[in-house]
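Down below is the structure, laid out as structure tokens.
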Amino acid sequence: MDHDHDHEHDHEPVAETDEDLQAEAEREARRRFALAQIRQYGDPALRLTAYEVSDFDDDLKRLVDRMTDLMHDAQGVGLAATQVGVLRRLFVFEPDENGPRTVVNPSILEIGDELETDGEGCLSLQGVRVPVERATTVTIAGKDQNGADVSYELSGYEARIAQHELDHLDGVLIIDRTDDEHRKEALATLRPRVTLR
Ligand SMILES: [Zn+2]
């Protein structure tokens, strides 16, 4: 899932020293390079169901490291394995400054009744932001990259991110969860890109 770009471009204008401009240009270059390695809408991998992970080996750890780096460079807050073309049930997410978390073979233990609609973007659907209804609380359980049990009681923004990433593991995208009008608008944004691929 991506950051709220409206918010991102809203902050105070930075002092435009040469160092600032260069740092900004480097961040933008890293973001574009990361996005180029993340599967984009139209890629069949985004529509497939991922398989349970059975081996907690070095390959898995390398995959988690790579996904975490890509999430950071792309300035996102969550990334699922299907978004890098790997059909394994895991995702990384980082809703706050407490560092990235990994959930392998995630399952929903509990999901709240209260629903809330808010705008969502996705690193695989660039330029798209659509309203999506999600439960405001969710408890997920799974394993970390070493095979240790983890569970997270999530609410608000972090609950939204986890539900978004869980969807990715079943080939579900935000355009499937929004209303007809926003879906049409989103597809119009995505279509030119698909033809160019
Ligand atoms: Zn996404």
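A few notes on this one:
- Counting only protein heavy atoms and a probe of 1.4 Å, the accessible surface of the chain is 46% carbon and sulfur.
- Cα centroid separation - region 116-167 against region 72-102, whole Å: 10 Å
- Alpha-carbon Debye profile of the chain, log10 I(q)/I(0) at 0.15 Å⁻¹: -0.94
- Descending by average beta-carbon neighbour count within 10 Å, the peptides 28-34, 156-162, 129-135 line up as 156-162, 129-135, 28-34, the highest first.
- Taking amide hydrogens as placed 1.01 Å from N in the peptide plane, the amide H of C122 sits under 5 Å from those of D2, V128, each at least 5 positions away in sequence or on another chain.
- Database remark: amide H of L109 closer than 5 angstrom to the amide H of T139, I140, A141 (H placed geometrically; neighbours at sequence offset of 5 or more, or on other chains; Pro and chain starts carry no H).
- In order through region 120-134: 3J(HN,Hα) via Karplus (6.51 cos²θ - 1.76 cosθ + 1.60), integer Hz, x for Gly, Pro: 10, x, 8, 5, 9, 10, 5, x, 10, 9, 10, x, 10, 8, 9
- About the centre of its Cα atoms, region 65-191 shows a dipole size close to 580 debye [charges on the beta carbon of Lys, Arg (+1) and Asp, Glu (-1) only; nearest 20 debye].
- For T178, no residue whose modelled amide H falls within less than 5 Å of its own remains once neighbours fewer than 5 places apart on the same chain are excluded.
- With kT/(6 pi eta Rh) evaluated at 20 °C and eta = 1.002 mPa s, and Rh the Kirkwood radius from Cα pairs, region 107-197 diffuses with a coefficient of 149 µm²/s according to Stokes-Einstein.
- ³J(HN,Hα) computed for each position of region 33-43 - Karplus, 6.51 cos²θ - 1.76 cosθ + 1.60, integer Hz, glycine/proline x: 5, 5, 4, 5, 9, 9, 4, 9, 3, x, 6
- Only Cα pairs under 8 Å and 6+ residues apart enter the sum, and on that basis the relative contact order of region 1-147 stands at 26 percent.
- In the chain, the calculated helix contribution to ellipticity at 222 nm averages -11500 deg cm²/dmol per residue, counting -39,500 (n - 2.57) for every DSSP H run with n ≥ 4.
- Dipole of the chain, positive end: most advanced residue of V103, Q145, L48 [Cβ charges, Cα centre]: L48
The values are calculated or read from the model by the stated rules, or taken from the named source; none is laboratory data. Here the structure is a predicted model, which means the values were calculated and not measured. Because the Cβ atoms are built from the backbone with ideal geometry, glycine has one as well, and the counts that use them run over all protein chains shown. Ligands, DNA and RNA are stripped out before the accessible areas are found, and what is left, the full protein with its side chains, is counted by its heavy atoms. Shrake-Rupley method; radii C 1.70, N 1.55, O 1.52, S 1.80 Å.
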